[in-house]
Amino acid sequence: MRIGILTDDSYPHSGGVTRSIEQQVEHLVGLGHEVTLFAPKWDFVPPADCGWEALDQWRLPGTPSFLCSLRFSPGRGRRIAAGHDLDVVHSQNERGSLYLGALVAREAGIPHVHTFHSNYVGTHRTTPGISGFNSLTYLPLSGRLLRLATGDRQSPQVRLPRSEAAGQDSVHARRDWRNLARLAGRVDAFTSPAGYMVECIVEAGPELAGRGHVVPSGVDDIFAAALRSRRDDPTVRFVSCSRLGSEKRVDATVRAFALLDRPDAELVIIGAGPEEAALRRLAGTVRNGRVRFLGRVDDGARVAQEMADADAFVLASYHFDTQGMVLAEAAAAGAPLLYCDERLQVGVGPDNALLVGPEPENLAAGMAVLADDPARRARMSAASRALAPSLTGAAMARAYVAVYRQAIDAARP
């Protein structure tokens, strides 16, 4: 197949979505398919293993990648459709790439697949003002824009979902799921790394049941290849890796570590972001134990090694992430996992992960349990390693191929 992948995020530096796309491209090409990546010119590094086209974008200088958008227009859609002989287009964000993908698919007469990577409903917990404005403005508008891009195709009926799970995060949650269902109704197939995302979208649009697929993002092989290098180290090392933004709740991890109050413990924080200065100040209040900030680390092998050397990997994100890709990466590297979001399902299980409540006190109690039981940590590490083969980019690519084939078959007269 000839596959066009579109993203609004700067490639390959924007985090989990672009890491997922890297794995998707590498393994789709490895399966013998032709891939062309369409990404913003901003901060773009061309991939070595597929075709690509860097496109103009809308972006205010200094704003983060999640506010960047590919420029889209009917003319650009016609040009891409005429210049690239594609069998399917796959958009990865609910910004310009979604509308441009729809325009290309319409002009070329090919299916359009979309992946919902972002949990908009979860943003209401961390940034209620901005996310509430988004719920009342952009999300309703996005459905109308996509309807213009797709033309007069029939769209399934949508409704407010009624389940408790769909409405528990915000007063806007049920409307958000309905708006996302409107978007899903305008593409030929949609996926998400998270089962609850697909379930809530289908609940809002029951006719979409056959179009929704759960496809976890694959993990780079460098994580499974990383081996623990620490030997006879009495320090209990906890590792956190994420963007340092309020939505990731790294402050809860630091507060939990302060409550742990152990001189033989260490917290390593990997990542950069707007909360870094506040987190460093918070870390200065830790009385016993050491907190180290490694900053942004672009070397995947080094991140994998830090995870392999962890006595436990900690993720405090709660009802925000769709997959929590770092959990799968840490599991592949053999780290025991400590997390607090019961919705996350990829890379976690009863043998390799400890699920606790979302408060710092809950996380601190989990840290204490793992710090006091090295034998349990060893068993959890082995269980994490055993999950690695199911978390690969190859498994993700095969799942996407099945989705593409189903969409192509359904589109044939």
Counting residues in region 12-151 as N, plug N into 2.2 N^0.38 Å and put the Cα Rg over that result. 1.08
By its C-alpha gyration tensor, with a ≥ b ≥ c as the square roots of the eigenvalues, how is region 192-320 shaped: rounded for a/c under 1.5, else prolate for a/b larger than b/c, else oblate? prolate
Under Karplus coefficients 6.51, -1.76 and 1.60, residue-wise ³J(HN,Hα) of region 98-111 in Hz, glycine/proline x: 5, 6, 5, x, 5, 5, 5, 4, 5, 5, 8, x, 10, x
Amide proton proximity set for VAL297, modelled H, under 5 Å, gap of 5+: GLY271
The set of residues whose placed amide H lies less than 5 Å from the amide H of VAL88, leaving out same-chain residues fewer than 5 positions away, is ARG2, GLY4
Mean-position separation - Cα centroids, region 136-200 and region 23-57, in angstrom: 28 Å
Any idea what angle helix 74-83 forms with the longest principal axis of the chain, computed on alpha-carbon atoms, 0 to 90 degrees, nearest 10? 90 degrees
Given a Förster distance of 30 angstrom, what is the FRET efficiency for ASP409 paired with GLN157, based on the Cβ-Cβ distance and rounded to 0.05? 0.80
Name the residue farthest towards the positive end of the dipole of the chain from the options LEU136, VAL297, PRO358, assuming +1 on Cβ of Lys and Arg, -1 on Cβ of Asp and Glu, about the Cα centre. LEU136
Whole-Hz couplings from phi, Karplus 6.51/-1.76/1.60, listed for region 366-380; x for Gly and Pro: x, 4, 5, 4, 6, 4, 8, 9, x, 5, 5, 4, 5, 5, 5
Rounded to the nearest 10 degrees, what's the angle between the helix 393-411 long axis and the longest principal axis of the chain, both from Cα atoms, 0 to 90? 20 degrees
Percent antiparallel among DSSP beta bridges confined to the chain, rounded to 5, stands at 5 percent
For VAL171 and GLU342, extending 7 Å from Cα along the Cα-Cβ vector and measuring point to point gives, in nm, a value of 2.6 nm
Each residue of region 293-306 in turn: what ³J(HN,Hα) in whole Hz from Karplus with 6.51, -1.76, 1.60 and θ = phi - 60°, glycine and Pro shown as x? 9, 9, x, 6, 10, 7, 7, x, 5, 5, 4, 4, 5, 4
Amide H of TRP52: which non-local residues (sequence gap of 5 or more, or other chain) have their own amide H closer than 5 Å, using H built in the peptide plane? LEU37
Using only the Cα atoms of region 354-406, build the gyration tensor, take square roots of its eigenvalues as a ≥ b ≥ c, and label the shape rounded, prolate or oblate: rounded if a/c is under 1.5, else prolate if a/b is larger than b/c, else oblate. oblate
Looking at the square roots a ≥ b ≥ c of the eigenvalues of the Cα gyration tensor of the chain, which shape do they give, rounded for a/c under 1.5, prolate if a/b is larger than b/c, or oblate? prolate
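The numbers here are math on the coordinates, done by the rules we state, and not lab data. Just so it is clear, the model here is predicted, and its values are computed rather than measured. FYI the Cβ positions are ideal-geometry reconstructions off the backbone, even for glycines, and counts take in every protein chain you see.
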